[in-house]
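This report refers to the structure that appears directly beneath it.
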Amino acid sequence: MTLAQVIVTLGGLAFCVFIAWFFWFAPKGQAKAVVSEGGTQEVAVTVKGGYTPDVIVVKAKQPVRLHFTRQESAACSEMVLFPDFNRSAKLPEGEEVMIEFTPEKAGEYGFQCQMGMLRGKLIVEPPTNG
């Protein structure tokens with residue numbers, strides 16, 4: 001192998017590692033839901049190369065309303081799926097789409113695009129006693 005071939009090969013490998021990190025391992029942020037006057041927990045999520053925030057914290061036994069806004073045209077981000085809550089939604093580019101459900105049990109639940117490349121996590125904490 002020539003020096004140029006080695007450099008190109010190493011550059012290609014580095015690019016593959018960057019792509020894997022960007023889509024699957026790079027943290028996009030965490031957000032705790034804000035409770036509206038009606039008692040619904042709400043979080044705005046931007047879809048652009050991933051979900052921001054990609055970790056959402058809510059309380060169990062309280063309604064959740066997630067506001068998704070897709071700011072890209074990539075085919076992968078056309079839908080978001082919440083398999084544990086039997087919810088999904090099409091995300092038209094530039095439009096806000098709401099997904100509503102009430103998590104009954106505390107735990108960690110994944111959400112993702114239909115291809116599984118964009119991923120997020122919903123952390124459901126036990127309900128507040130009081």
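May I have the convex hull volume per residue, in Å³, for the Cα set of the chain?
117 Å³
Please name whichever of His67, Gly107, Gly120 sits farthest to the positive end of the charge dipole of the chain, dipole taken about the Cα centre and charges placed at Cβ: Lys and Arg +1, Asp and Glu -1.
Gly107
Listed here are the pairs Lys61/Lys121; Lys90/Lys121; Lys59/Lys90; which of them are more than 23 Å apart at the Cα?
As for pairs spanning more than 23 Å Cα to Cα, those are Lys59/Lys90.
I need Ile99, Ile7 ordered by Cβ neighbour count within 10 Å, fewest first.
Listing Ile99, Ile7 from fewest to most nearby Cβ atoms yields Ile7, Ile99.
Tell me, what is the percent relative contact order of the chain, built from C-alpha pairs under 8 Å that lie six or more residues apart?
23 percent
Can you tell me the dipole magnitude for the stretch 28-125 around its Cα centre, using point charges on the Cβ only (Lys, Arg +1; Asp, Glu -1), in Debye to the nearest 20?
220 debye
Might you report the magnitude of the Cβ-based charge dipole of the stretch 38-88 about its Cα centre, with Lys and Arg at +1 and Asp and Glu at -1, to the nearest 20 debye?
200 debye
None of the figures in this text is laboratory data; all of them are computed from the coordinates on show. Note that the structure is a prediction, hence the values are computed from the model and not measured. Glycine gets a Cβ as well: all are built from the backbone with ideal geometry, and neighbour counts include every protein chain shown.
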